[in-house]
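This report concerns only the one structure given below.
The values are calculated or read from the model by the stated rules, or taken from the named source; none is laboratory data. Because the structure is predicted, anything quoted here is derived from the model rather than measured. So basically every Cβ, Gly included, is an ideal-geometry build from the backbone, and we count neighbours across all protein chains shown.
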Amino acid sequence: MLPSTEFDPTTMPWIDHSDADIAAFVTDFKPRFPLTFDLEEKLRFWQKNGYVILEKVIPLELIDAYWNDVEELIEHPEKYKLLTRIDLPKFEPIQERLIKDFPKEDLKGKYVKLNDFHQLSETGKNLMTHPAIVNFLEAIFQQQVVVMQSLTFMFGSQQPSHQDFPWVTAKIPSHLAAAWIPLENITADSGPLYYYVGSHKLPKFNFGNGILSNERSTRNALEFADYLDKNCPAHGFQKETLLIERGDVLIWHSALAHGGGLITNPDSTRKSYVCHYSTQNALPFHRYNPHAAPKEQKYHGVVIYEHPEFGDQENILKAEG
């Protein structure tokens, strides 16, 4: 049997099928929360372009509260159990380690990636499951939504072009979406996110063992990026830069090609919160312990699994109110 190089049509979300009847769906759909955007317009845009931007839906107070938690973490890393990655040569070969094992001054610099800080921060859980995000995710998945992971950045990642599904893996690769939440207004010199509009329809890159996993692959991430950067324009998918403001949120498809632009002003931050979601059918476990039944919490109807190794650090930073 040849390895798959396309998503399985029998498990793809309904909206990924070309004959999806969006008007009929919207007529019958009962959102969990009052809608704050035109759902039919956003679903049509998603189907065509592979992403949507929900404008001015996140309260600024919630964003500020989350960043306060981030600052507490960085100021007192010795108090918290959190895996952090800093992609600097001086930390090779172990660029991912517990946050307390990095020098504090490096935690305030570039190439820092805070992994799954939502596990510690209850405000992070509330932000990643804001009702506007939940309404859209439940509409596209039509299944129980679960949180996969989160990443928090102070500076732009400058990450080469990629699609998420080979790296952020679940049992059903098409059951994946991401939200990009700016924690400040994004400027052009800060290494902003870019994406190729409509590239979720691009023929999938073959890692040498299909598209379902990059493990044991004969191809590498730079070859993947080269494939996307050459083939997206060749298929007519234009590259756009994301300059959005606090209160907005970008949600993108698992196969949308995207990356981080170059930082042209070294002092320009790009504070952001990136959250990945799946369904309970595709991810019935916490990825750090896939063989055990996870402990579940629910926020705004979304399942968040407790981290199997964090113990009493889960929700150690309580939400106000």
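Checked against the criterion of being surrounded by 15 or more Cβ atoms within 10 Å (Cβ to Cβ), in contact (Cβ under 8 Å) with a residue 40 or more places away in the chain and not basic (Lys, Arg), the candidates PHE29, PHE91 yield just one match: PHE29. Evaluate the following for ILE74: is it more than 17 Å from ASP248 (Cβ to Cβ), at pLDDT below 95 and either among the small types (Gly, Ala, Ser) or surrounded by fewer than 20 Cβ atoms within 10 Å (Cβ to Cβ) (or both)? Judged against the criteria, ILE74 is not a match. Considered as a group, the residues in segment 264-290 that are charged (D, E, K, R) and out of contact with any strand residue (DSSP E or B) (no Cβ under 6 Å at 6 or more places or on another chain) include one that is modelled with the highest pLDDT, and that residue is LYS271.
Candidates are the residues of segment 8-36 that are in a loop (DSSP other than H, G, I, E, B) and touching a helix residue (DSSP H, G or I) at 6+ places or on another chain (Cβ under 7 Å); the one that is nearest to PRO166 (Cα to Cα) is PRO13. Within segment 218-255, being within 23 Å of ILE58 (Cα to Cα) and part of a loop (DSSP other than H, G, I, E, B) holds for LEU242, LEU243, ILE244, GLU245, ARG246, GLY247, ASP248, SER254.
Taking segment 96-119 as the range and being crowded, with 19+ Cβ neighbours inside 10 Å, touching a strand residue (DSSP E or B) at 6+ places or on another chain (Cβ under 6 Å) and farther than 9 Å from ILE86 by Cβ as the test, the residues that pass are ILE99, LEU114, ASP116, PHE117, HIS118.
The requirement of being in contact with a Ser or Thr (Cβ under 7 Å, 6 or more places away or on another chain), in a loop (DSSP other than H, G, I, E, B), closer than 29 Å to ASN206 by Cβ and small (Gly, Ala, Ser) is fulfilled nowhere in segment 262-284; no residue meets it.
The listed residues are GLN144, GLN158, and the only one of them that is within 21 Å of VAL303 (Cα to Cα) and either of a type in the set (Lys, Arg) or surrounded by fewer than 23 Cβ atoms within 10 Å (Cβ to Cβ) (or both) turns out to be GLN144. Out of LEU250, LEU283, LEU262, LEU243, one residue alone is surrounded by fewer than 19 Cβ atoms within 10 Å (Cβ to Cβ), of a type in the set (A, V, I, L, M) and closer than 30 Å to ASN135 by Cβ. It is LEU243.
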